[in-house]
Amino acid sequence: MEAANSAHGGGAPEVANIITLLNSYFHESSIVSFLHHWENPVFSVLIIIGLVIVARMATKNRTIVPGKLQNFVEFALESLDNLSKGVIGHHGRHYAPFIGTLFIYILVMNLSGLVPFMKSPSSSLNTTIGLAVIVFIYVQYTGLRRLGLGGYIFHLLGQPRDVMGWVFVPLMLPLHVIEEFIKPMSLSLRLFGNVFGEDVLIGAFVTMGIMALSFMGSPIGLPLQIPFMMLAVITGTIQALVFTLLSTVYISLMLPHEEH
């Protein structure tokens, strides 16, 4: 079985997923070629469908004494609600659905590459930039909605309170506008770099494990990648938390001061 494939056209090894395997054997098929071209969106949609199914199963027959799945989902939601309120304040519950969805979706995407024949869509810069664009739009929408157009512009001006504040407006305005674009962009690059690096590292050690037993003609290799897969679980969780936490901070910075 093909163990690794060239990633992003740059020659970096990644563990093969079901779509790359199908493309290896049925590359002349138009359907397979389509799936291979849109590989990351396909896995993203599969993850969304999986999350919807789990959410439906957890809420279908809710009971006062929750079962294991309901209890786990309620614990996760309560933790994310506390995270939102801890950063934003008592108004944080209003933003918890967005923040919670963001964390769960990114976490599952980060860890999906550890599942056989799956791939981490967040190892693609296109995916992480898409997430950054969503955060950017949501933050700007929140600012316009909570501050109003005048308050939003006043925020971008640096909220000048005195003469010196207004003197620095020509400097503060472009800096704040650039900052609003840089903050989500930094999120996307950080998430992409870490997840892509993990996948490449695991793919490299899978290749080394196969090469180590190639002289025996073995169809499998040494599991050299297992320690790095365990590490990827930790780092993938941390990266999802960092992305979500910083997004929560960006939302908080856009809110009126009395809501903090």
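The values are calculated or read from the model by the stated rules, or taken from the named source; none is laboratory data. Quantities reported herein were computed from a predicted structural model and do not represent experimental measurements. Cβ sites come from the backbone with ideal geometry, for glycine too, and all protein chains shown count toward neighbours.
Tell me, yes or no, whether region 218-230 has at least one residue that is modelled with pLDDT under 85 and part of a helix (DSSP H, G or I). The answer is no; no qualifying residue exists. Here Leu114 clears all of (1) touching a residue at least 60 places away in the same chain (Cβ under 8 Å); (2) closer than 25 Å to Ile251 by Cβ except the condition numbered (2).
Filter region 65-108 down to the residues that are among the basic types (Lys, Arg) and touching a helix residue (DSSP H, G or I) at 6+ places or on another chain (Cβ under 8 Å), then identify the one that is surrounded by the fewest Cβ atoms within 10 Å (Cβ to Cβ).
This residue is Arg93.
With respect to the conditions (1) under 24 Å from Val249 (Cα atoms); (2) more than 23 Å from the chain's Cα centre (by Cα); (3) charged (D, E, K, R), Glu179 lacks only one, and its number is (2). Considering region 146-177, and only residues there that are in a helix (DSSP H, G or I) and touching a His at 6+ places or on another chain (Cβ under 7 Å), the residue that is farthest from Phe136 (Cα to Cα) turns out to be Leu147. Taken together, the criteria place Lys119 among residues that are touching a strand residue (DSSP E or B) at 6+ places or on another chain (Cβ under 9 Å) and under 30 Å from Ser44 (Cα atoms).
Results for (1) in contact with a helix residue (DSSP H, G or I) (Cβ under 9 Å, 6 or more places away or on another chain); (2) more than 19 Å from Gly113 (Cα to Cα); (3) exposed (fewer than 14 other Cβ atoms within 10 Å of the Cβ), shown as yes or no for each residue.
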{"residue": "Ile178", "(1), (2), (3)": "no, yes, yes"}
{"residue": "Phe205", "(1), (2), (3)": "yes, no, no"}
{"residue": "Gly209", "(1), (2), (3)": "no, no, no"}
{"residue": "Gln225", "(1), (2), (3)": "yes, no, no"}
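For region 1-53, a tally of residues being modelled with pLDDT under 85, surrounded by 14 or more Cβ atoms within 10 Å (Cβ to Cβ) and either of a type in the set (Gly, Ala, Ser) or in contact with a Ser or Thr (Cβ under 6 Å, 6 or more places away or on another chain) (or both) returns 7.
Within region 4-25, residues that are among the charged types (D, E, K, R) sit with their Cβ atoms under 7 Å from residues that are modelled with pLDDT under 60, at 6+ positions apart or across chains, in these pairs: Glu14/Ala4; Glu14/Asn5; Glu14/Ala7.
Leu189 fulfils the conditions (1) surrounded by fewer than 18 Cβ atoms within 10 Å (Cβ to Cβ); (2) under 16 Å from Ala16 (Cα atoms); (3) within 19 Å of the chain's Cα centre (by Cα) except for a single criterion, (2).
Give, as residue ranges, the helices (runs of 4 or more DSSP H) completely inside region 29-138 that count at least 3 residues that are farther than 28 Å from Phe181 by Cβ and not hydroxyl-bearing (Ser, Thr, Tyr). Walk me through how you get there before you give the answer.
Details: elements: 30-37, 39-60, 68-88, 96-112.
Qualifying helices (runs of 4 or more DSSP H): 30-37, 39-60, 68-88.
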